[in-house]
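Below is one structure; the comments refer to it alone.
The values are calculated or read from the model by the stated rules, or taken from the named source; none is laboratory data. Nothing here was measured: the structure is a model prediction, and the numbers come from that model. Here Cβ is always computed from backbone atoms with ideal geometry, including for glycine, and neighbour counts include all displayed protein chains. Accessible surface is based on the protein model in full, side chains and every heavy atom, while ligands, DNA and RNA are left aside. Shrake-Rupley method; radii C 1.70, N 1.55, O 1.52, S 1.80 Å.
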Amino acid sequence: MEYTVQHLARLAGVSTRTLRYYDEIELLKPARINSSGYRIYGQAEVDKLQQVLFYRELGVSLDSIKEIVTAPSFNGANALKEHREQLLDKRKQLDLLIANVEKTIALTEGRITMTDKEKFEGFKQQLIDDNENNYGNEIREKYGDDTVNKSNQKLKNMTQEEHEEVTRLANEVTATLAEAFKNGDPASDIAQKAADLHKQWLSYYWSEYSKEAHAGLAQMYVDDERFKAHYDENQPGTAEFLRDAIHIYTGSKK
């Protein structure tokens with residue numbers, strides 16, 4: 001069956017503007033243009049749009065989706081299996097959050113008691129899932145499954161006091177790094193303080209600390225565009241500055 005832009009948009013629950021934009025960026029081209037100049041989509045395009053919308057629902061960027069679905073090695077059946085696993089994981093997370101809310105309601109009504117650890121279980125699992133979805137492949141390839149699994153378990157066992165401290169440290173790293181960047185010298189006292197705070201922050205997530213791993217992570221902040229964009233959001237060049245400061249701190253750069 002074939003569809004015009006309007007019909008496919010209605011079927012998929014997206015706007016015609018979205019489909020036209022997907023055409024412009026060559027993410028989803030129509031099968032053909034008819035004699036009246038209308039875009040016409042066939043079954044292959046319908047199936048591809050379904051894949052695109054699955055990836056969008058899972059929070060994947062359009063650039064990444066385009067790279068995935070246009071790759072010669074792309075396999076639609078395998079992708080659907082991966083979508084199913086990710087959606088099941090997402091459902092588990094939602095079930096955990098719903099259970100957490102229900103417990104909290106019961107707590108406020110005086111029907112049950114709830115430990116501080118229970119109050120934050122859902123949120124910690126969400127953080128783990130987000131990290132896995134966004135950076136899981138890279139960090140597992142770089143550090144190994146065992147190291148990452150131990151880190152995830154450490155986060156799950158984090159107390160509320162530890163969570164508050166790690167949040168405070170994260171904010172202090174950001175503020176100190178911004179001040180050090182103005183100085184421009186990654187070897188300065190304040191830049192080295194930022195590197196040390198970063199180490200303290202990491203120690204709440206890593207099962208064990210090593211200078212080599214710290215230096216490697218700092219390099220990944222520069223090499224991986226997602227990390228780089230995060231650190232460079234307010235001041236371009238911050239990711240490189242932090243890397244240099246950490247490399248000096250760890251002795252990787254003299």
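All conditions in (1) aliphatic (A, V, I, L, M); (2) in contact with a helix residue (DSSP H, G or I) (Cβ under 8 Å, 6 or more places away or on another chain); (3) closer than 30 Å to S61 by Cα hold for M158, with the sole exception of (3). Residue check: is Y205 hydroxyl-bearing (S, T, Y) and under 25 Å from N137 (Cα atoms)? In short, yes. Taking the conditions exactly as written (part of a helix (DSSP H, G or I), open to solvent by 60 Å² or more (accessible area, probe 1.4 Å), of a type in the set (A, V, I, L, M, F, W, C) and modelled with pLDDT under 90), does I112 satisfy them or not? No; evaluated as a whole, the condition is false for this residue. Of the residues making up the range 140-153, those that are modelled with pLDDT of 75 or more and in contact with a Ser or Thr (Cβ under 7 Å, 6 or more places away or on another chain) number 1.
Going through S188, S210 one at a time, which residue ends up being modelled with pLDDT under 95, open to solvent by less than 60 Å² (accessible area, probe 1.4 Å) and either closer than 14 Å to G251 by Cα or more than 24 Å from the chain's Cα centre (by Cα) (or both)?
S210
Entry remark, the range 219-239: residues being open to solvent by 50 Å² or more (accessible area, probe 1.4 Å) and in contact (Cβ under 8 Å) with a residue 12 or more places away in the chain number 4 in total. The residues on offer are R17, R32, R39, and the sole one that is in contact with a Pro (Cβ under 7 Å, 6 or more places away or on another chain), more than 30 Å from N137 (Cα to Cα) and either at pLDDT 85 or above or surrounded by 12 or more Cβ atoms within 10 Å (Cβ to Cβ) (or both) is R39.
Among the numbered criteria (1) under 22 Å from the mean Cα position of the chain (by Cα); (2) touching a residue at least 40 places away in the same chain (Cβ under 8 Å), which one does W201 miss? For W201, the failing item is (2).
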